[in-house]
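What follows is a set of notes on a single structure, which appears directly below.
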There are 2 protein chains.
Amino acid sequence: MLKPQVMEQLKKIVGAENFATGAQELICYGYDATQMEFLPDCVVHPADANEVSQILKLANVEKFPVFPRGAGSGFTGGALPKGGGVVLVTTRMNKILRIDTDNLVAEVEPGVVTEQFQIEVEKLGLFYPPDPASLKFSTLGGNVAECAGGPRAVKYGVTKDFVMGLEVVVPTGEIIRTGGETVKGVVGYDLTKLLCGSEGTLGIITKIIFKLLPYPAAKKTMLTVFDSIDGAAQAVSTIIKGKIIPTTLEFMDHATLTCVDRRFNLGLPAEGRAVLLIEVDGDPDLIEKQAGAIHDLIQPLGLVQFRVAKNAAESEELWRVRRLVSPSLRDVNPDKFNEDIVVPRSKVPDVIRKIEVIQQRYDIPIVNFGHAGDGNIHVNIMIDKSQAGQEEKAHQAIKEVFQAALDLGGTMSGEHGVGLAKQPYIPLELSAEQIGVMQGIKRALDPNNILNPGKMFPA
Amino acid sequence: MLKPQVMEQLKKIVGAENFATGAQELICYGYDATQMEFLPDCVVHPADANEVSQILKLANVEKFPVFPRGAGSGFTGGALPKGGGVVLVTTRMNKILRIDTDNLVAEVEPGVVTEQFQIEVEKLGLFYPPDPASLKFSTLGGNVAECAGGPRAVKYGVTKDFVMGLEVVVPTGEIIRTGGETVKGVVGYDLTKLLCGSEGTLGIITKIIFKLLPYPAAKKTMLTVFDSIDGAAQAVSTIIKGKIIPTTLEFMDHATLTCVDRRFNLGLPAEGRAVLLIEVDGDPDLIEKQAGAIHDLIQPLGLVQFRVAKNAAESEELWRVRRLVSPSLRDVNPDKFNEDIVVPRSKVPDVIRKIEVIQQRYDIPIVNFGHAGDGNIHVNIMIDKSQAGQEEKAHQAIKEVFQAALDLGGTMSGEHGVGLAKQPYIPLELSAEQIGVMQGIKRALDPNNILNPGKMFPA
């Protein structure tokens, strides 16, 4: 529990209207998209790096923990104030500072909502590709801290690939700049990428310099249905071996299709066992050619339907199948654990088969869909928590799913991060030596263990 | 000076035939592409990570410095054994372990020569874009340690952008894996990118996992001559604003053209003041269209010649202009300092103008060429060291060139690194706080300061 005089100092730093200790506020800033909740001692909404710096300097003197938070849309508890302390909300720092159309660079504050940023750059004919599912509410600072992904990562990469530089308040309170505005730059260690995906444990981001691209001239959406999982999974490798890198290659397994079709009656062919939603973008003539080539490449793989959207409205209609997945899942069971394993893309059929075995062993429905182009599969373990033993069984199944991904050369998280939820499983993926190096870096930057303590690594 | 019994232990680890103390060997492994030289105590050629680990563990017990080295082609002394110690050469670890055409991934040992790797992946229709000028002899391990760039970085990025994972022996001797084979992966800190460009100060790379791309179907080369530097520099921004990202946008200023033309008689138009060598790659129809669009975009900018290569032989002929630059420079003066500043690409005209002023102030010829597409300009300060005071003047001029790049939001090195050569200038670019964070990381990973000690940061 923070001392009253420390609370007073915090209130002075951010101003009374940006400081809260009321029960409502504490509850509002104590949850995220996991089902975990922890109450902080207080919530602060600093205006800039200077206030963040003062808060962290005070924290190092008074030894209280600080938990940075964007929109709180994380899936692993990375922003949750476990053990209590100060939640530091970045949403007041919400300005797009500049969009430089000459150098294809933008500078923003961390509290800008992802979609808002995309809308603004698109007005200028530019493109910020990362598209996490949360983009309508998640903040760019959170996206960077978690290294958010999304469907377009196949072609364009993840958030990290667009971060050129940062302004960061390090845990001891100093304000530093990392990286810069140039594509090349090799002076000193790459602190920028180290901060990306560090989940608020190594610094609080107060400004971000993003790389932008020209907005693609056109896009083409295809809904393809296969008579087997293997056919769909092979299609992914076949297309890429055919030298076409689509913007998205979204996969839905039979369980997913059943859920969606039962509820929304999309009229998918009865013999369909898996769907790939494929999108290509770029020059209009080129994508026309690519759509034809994709059809020819995947035709022999048990293709039972191939629909090409003729215009934006039809494209939206095809995307609807994918968008309806989440709302449909609750028909299977009321509670879900949404994991996001990744395997090398050619191993998608193997991991799906392994998950099938796990599903049968535990007798729990598991629904798989996701970003097959980069091997990133969302594994949804559907349970009813009100039934005794189901949650325990789910945790056992999750552990086996992680192990299956790791055995195939993958990772247990492609987008969601570690936070609190995956912390117990870290030793499955990282060796004691790897963890040792990472803990050494944490200690070097945060000697008093102020920033998001107890996260990422096993205590 | 290493104790004789320590030398004996090193000889035992790598085998007598892979251990050397003879004067010839010491001299051969004590220089690089700078004009600096330092003699090590001995040279070891380990076979694998296990031997590297044993060497570093011994180094931590006996407290001797270790200097990892690839081909020794570095421009800043990053591999030089200043102060003596052990040079650890990675060239025996020279196998391409696998090229995975399904997942567009390759795993290699660090001693593989860059061009050799490119040839092997191209045989399979794949593409490894980074193309440092040293590619015929530099090693991939060295490329990763320095984060090598090259002309194709405009479109494809630098070495770091293709490194997915590493096997690394950390300074204390533990062997760790970083990253992996998947595009997405957010478990733990990104040690992979931290190691890229760390210039052998944080670990010795013993395996590299690279991302590959499909080889572009076709390419088109254009030689464009402008009647002013400004025209050429504006052309760069204009093309990219026109939504075309060429593979290369190589720039040569008037001094460069004069050198090349005087020696090789290329028949460039007399009114030419700057050249852009432009290459686009991809779908044959698309690049045809892009070449036309580029012509139309740059026509109003003082274009005095526009030559498009019709075939590979003509393309080679156009590239000859660029390739002849280095051999021509010595006509200006016998000695050169080759710097590699970067500015945001729209600032190229400004930095060239500032360099012009510096040149006049110091009365030293300065020749500028390089990768204008990413704002990376090679600034060649041409002197005659035999003339008293020239070297001193050159160092003064270099410092002003760095400051000019920094004032325009750039960096003093895009590709060559810091090493020993740029160490004195680091405080121009990095703040004391930034340096403090980087030194903290170095200390955390290398508590006994074994690996490449005294490099990167001011002592």
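The values are calculated or read from the model by the stated rules, or taken from the named source; none is laboratory data. These numbers were taken from a predicted model, which means no experiment stands behind them. When we count neighbours, we look across all protein chains shown, and the Cβ atoms used for this are built from the backbone with ideal geometry, even at glycine. For the accessible areas, the whole protein counts, side chains as well, though only heavy atoms, and no ligand, DNA or RNA atoms are used. Shrake-Rupley method; radii C 1.70, N 1.55, O 1.52, S 1.80 Å.
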Flag for residue A:80 being away from chain B (no Cβ under 14 Å), closer than 30 Å to residue A:42 by Cα and in a strand (DSSP E or B): no
Look through the stretch A:436-453, keep the residues that are in contact with a helix residue (DSSP H, G or I) (Cβ under 7 Å, 6 or more places away or on another chain) and in a loop (DSSP other than H, G, I, E, B), and return whichever of them is least open to solvent (accessible area, probe 1.4 Å). A:450
When the stretch B:145-154 is examined, which residues are found to be in contact with a Ser or Thr (Cβ under 6 Å, 6 or more places away or on another chain) and more than 10 Å from every other protein chain (Cβ to nearest Cβ)? B:151, B:152
Within the stretch B:262-275, can you find the residues that are hydrophobic (A, V, I, L, M, F, W, C) and assigned to a loop (DSSP other than H, G, I, E, B)? B:266, B:268, B:270
How many residues are among the hydroxyl-bearing types (Ser, Thr, Tyr) and within 14 Å of another protein chain (Cβ to nearest Cβ) when one looks only at the stretch B:207-266? 5
Across (1) out of contact with any Pro (no Cβ under 9 Å at 6 or more places or on another chain); (2) under 24 Å from residue A:212 (Cα atoms), residue B:159 clears everything bar (1)
Being within 29 Å of residue B:104 (Cβ to Cβ), in the same structural domain as residue A:18 (by TED's automatic domain parsing) and buried (at least 21 other Cβ atoms within 10 Å of the Cβ) narrows it down to one of A:114, A:159, A:76, so name that one. A:76
Being outside any strand (DSSP E or B) and crowded, with 21+ Cβ neighbours inside 10 Å is the filter here, so list the residues in the stretch B:162-174 that pass it. B:162, B:170, B:171, B:172
Mind telling me which of the residues B:322, B:330, B:353 ends up being within 24 Å of the chain's Cα centre (by Cα), basic (Lys, Arg), surrounded by fewer than 23 Cβ atoms within 10 Å (Cβ to Cβ) and within 22 Å of residue B:238 (Cβ to Cβ)? B:322
Across the stretch B:409-435, which residue is surrounded by the fewest Cβ atoms within 10 Å (Cβ to Cβ) among those that are at the interface with another protein chain (Cβ under 7 Å from one of its Cβ atoms) and of a type in the set (Gly, Ala, Ser)? B:431
Residue count, the stretch B:404-448, condition without any contact (Cβ under 8 Å) to a residue 24 or more places away in the chain and within 20 Å of residue B:203 (Cα to Cα), comes to 8
Working carefully through the options B:287, B:278, B:245, find the one that is closer than 20 Å to residue B:151 by Cα, in a helix (DSSP H, G or I) and not basic (Lys, Arg). B:287
With respect to the numbered conditions (1) surrounded by 24 or more Cβ atoms within 10 Å (Cβ to Cβ); (2) part of a strand (DSSP E or B); (3) without any contact (Cβ under 8 Å) to a residue 24 or more places away in the chain; (4) not acidic (Asp, Glu), which one is the sole condition not fulfilled by residue A:177? (1)
Do we find a residue being more than 22 Å from residue B:104 (Cα to Cα), outside any strand (DSSP E or B) and open to solvent by 70 Å² or more (accessible area, probe 1.4 Å) anywhere in the stretch A:214-224? yes
Looking at (1) within 14 Å of chain A (Cβ to nearest Cβ); (2) surrounded by fewer than 24 Cβ atoms within 10 Å (Cβ to Cβ), can you tell me which one residue B:31 breaks? (1)
Could you check the stretch B:92-111 and list, in sequence order, the residues that are among the β-branched types (Val, Ile, Thr) and open to solvent by 50 Å² or more (accessible area, probe 1.4 Å)? B:96
